[in-house]
Every structure is written in C-alpha cells, then in structure tokens.
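These notes concern the structure reproduced below.
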Amino acid sequence: MPVEGFDFRMARWMPFQDQEACRKVAAIKRKDITKHSNPEFKISVLNDEEFPFRLVADIFFRIKRAADEGRRLVLILPQPEPLYHRVAYLLNKSRVNCSHLYTFNMDEYADENGNIAPETWPNSFLYNMKKNFYAKLDADLRPPEWQIQGPTNANFKDYGKMIDDMGGADVCYGGIGWSGHIAYIEPGSEAFAAPSLEEWLKIGPRIVELTPFSILQNCLGPEFGQSGDWSSVPPKGATIGPAQIVGAKLRSSWNAFALPGSMASWQRFTVRLAAHGPVTPLVPASIIQTRPSELYLSETLAADINPLSVEEFSWYA
C-alpha cells in the first residue's frame, strides 16, 4: 500500500499485517478518539498530570466501596508499579479493612524452559506486588497473604480455575502493550493458536514466548534500568488467557506511556489499533471493544498522529 508516495509492506515478523486498517486507525483525530459504536465500551481522555491520581483513586474506591457494602472484591491486576503504594496509603488513612480483597496478577516472567520467575526474584511481578502494595498496608488491615496471588510454578496449572472459582474477576485492570497484547497474551503466539475468535476466547492461562515488541518495551522499564538492555528481559511469560479477561464483569484499561518530557509514545498508535481496529487475536487487546469496558488514555496518547506536527523536532522542518 502506498504511504506518502512510497509503496512497501510491513516487516514479515509483525503478527498483524492489515496495513489498510493500520493507516485508518492512525488517521483518527483527537476529537474523534472517544467515539465508538459499542455504548458499553467507554473511552475517556485524562489530563496527563491527573492520570496517575485517577488510576489510584479508581482502585482505592472500588476496594473501599466493596468493604462498605460488605462484599467480596476480586481484581485482576497488571504489572505492579510504585503507584500501588499510594492505594495502600489511602486504604491505611481511611482504615479500610481489606479482608474482602482477592487479587490475581495477570502475568509473570518465565525462563526459556517455561519456569516461572519465583517471588524471591526482585524483578518478579509478585515480589513487587507484595512489596509495593501488600507490605505497605497496615498489618491489621491486610487480607490473608494467600489472597494476593500471582502465577507460580506451583499454582499455574490451576490458575484459571482459581479465578473462575471466585466467580471471575469483578474488574480486570490492565493496559495495552506495544504488540497489542493484553496481559502477556501475545499476537501470533503458538500458545494461543485457535481456529476462530470464538475458540480463542475460551483459552485459559498459558506459558508464552514474548514477542520482540514486548521485550523491547520491557527493557525500557525501571526494573531493567530504563536503558534498553534487551539481554536482561526473560524470553517468556506466564499469563492469564482471553477466557479470564472476557470472564471479568468489567475490563478497565489504563494507558499513558510516553517518554518523560516528550511526545514520544509507542502507545499512541497501539491504543488506536486496539480500540478502533478489527477485533482479532492478532491484536489481543481489541477484545475489550466487545465487552463492557473502560479505556482511559492520557492527552499525550490522544494527540493526533502526525510525524510533522511538531516542526521544531522534525527532520523535515
């Protein structure tokens, strides 16, 4: 397909190859990005500075409301980050007893043989969930530690059933990866091969090989030094499947990745593709279009995609 007068096809290793769909979603303007044909799929744009506060507040108020109503709350949570300690701070200040709270990490790293990273590894998601959230809760407010779960070698065979036995998650939080993944459900993965979208949606937890997109995305994270050291990122992941995501009562997707002090963000395109492109296993996060879901993105991500829009930084100015 011609792109600005030069005809080429995308690299063959990219799982999603519909170049026309890519160009269509890249053309979506800021003024139209919240529009969607499914009224149960609600897209909101938040001020960049307000974004982390709103995420913390969203998790806190769900936990507090469930406590006030005397009901159990089951959450699927994404890669732990220091923001979780702010949720713990609010729960402590409000004296919210969290005995009703059950959390499941949506994924974890694994080695080349499929051995899941242990909780003792400082870069593991479960280690950081317990460090940044569980340990920060006042001791008298914490739920039993077994209610804070992540994929492990011991539980992975039953991990999907553990969530299903709770009636599924009340909310599945998460974000959209560079590859279009949700959790570590990678596009084009042999672990998630299925003859149809309907069959794909029934697949539960799997060990999956990470795509180049995910490894490069992760090596820019703080846990790997923010220095692009792709050699430090494990090659595989243990992840929930599409079945656990569509089985949740609500999907809540939060997306605000940008290089500090710049407009550079791989999520600006990927969020558009997941939210407005075809619903396909080749863009796993696209399934949130089909179920009651909330998608939040920052103003930086909502900005129009146009490489020449900031002329002072353009090679072609």
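Computed values, structure above
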| quantity | calculated |
| --- | --- |
| Euclidean distance between Cα centres, the stretch 173-204 to the stretch 71-88, Å | 23 Å |
| Reported label for calculated Rg and Dmax of the Cα atoms in Å given (1) 23.6, 76; (2) 34.0, 109; (3) 19.5, 65 | (3) |
| Charge dipole (the chain, unit charges on Cβ, about Cα centre) - positive-most of Val56, Leu201, Met14 | Val56 |
| Protection-proxy order for peptides 202-213, 108-119, 40-51, 234-245, each taking the mean of Cβ atoms within 10 Å per residue, highest first | 234-245, 202-213, 108-119, 40-51 |
| Relative contact order (%) - criterion: Cα under 8 Å, at least six apart; region: the stretch 20-311 | 25 percent |
| Within the chain, percent of DSSP bridges classed antiparallel, to nearest 5 | 35 percent |
| Cα convex hull of the stretch 4-162, projected area averaged across orientations, nm² | 14.2 nm² |
| Too-long pairs where the Cα-Cα distance tops 32 Å, listed order kept, from Lys136/Lys236; Lys202/Lys236; Lys24/Lys64; Lys42/Lys161 | Lys24/Lys64 |
| Contour minus Cα-Cα distance for Val279 and Glu199 (0.36 nm per residue) | 27.4 nm |
| Surrounding net charge for Glu69, when Lys and Arg each add one and Asp and Glu each subtract one, Cβ distance under 13 Å | +3 |
| Under the Karplus curve 6.51 cos²θ - 1.76 cosθ + 1.60, θ = phi - 60°, whole-Hz ³J(HN,Hα) for the stretch 161-178, x wherever Gly or Pro sits | 5, 4, 6, 4, 5, 8, x, x, 6, 5, 9, 9, 7, x, x, 9, x, 4 |
| Extension reserve of the Gln17-Arg65 stretch, reckoned as 0.36 nm per residue once the Cα distance is removed | 12.9 nm |
| Label point distance in nm, Asn97-Asp164, each placed 7 Å from Cα along Cα→Cβ | 3.3 nm |
| Helix 83-93 axis, angle to the chain major axis (alpha carbon atoms, nearest 10°) | 40 degrees |
| Counting all C-alpha pairs of the stretch 146-287, share separated by more than 27 Å (%) | 21 percent |
| Mean separation of Cα contacts under 8 Å, 6 or more apart, over the residue count of the stretch 137-264: relative contact order % | 32 percent |
| Inter-part distance where the stretch 4-66 and the stretch 154-172 are each reduced to a Cα centre, Å | 27 Å |
| Helix-only mean residue ellipticity at 222 nm for the chain, each DSSP H run of n ≥ 4 adding -39500 (n - 2.57), per residue, nearest 500 | -6500 deg cm²/dmol |
| Cα-based shape type of the stretch 147-223, given that a ≥ b ≥ c are square roots of the gyration tensor eigenvalues and the cut on a/c is 1.5 | oblate |
| Between 0 and 90°, nearest 10: helix 51-68 axis offset from the chain longest Cα axis | 30 degrees |
| Ranked packing of 89-101, 19-31, most packed first, by mean Cβ within 10 Å | 89-101, 19-31 |
| Radius of gyration and maximum dimension Dmax of the stretch 252-303, Cα, Å | 11.4, 35 |
| Acute angle (nearest 10 degrees) that the helix 267-276 long axis makes with the longest principal axis of the chain, alpha-carbon atoms | 90 degrees |
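Taken together, the values in this text are just the output of simple stated rules run on the coordinates, not laboratory data. Because the structure is a prediction, the values reported are computed rather than measured. All Cβ positions, even for glycine, are placed from backbone atoms using ideal geometry, and neighbour counts span all protein chains on display.
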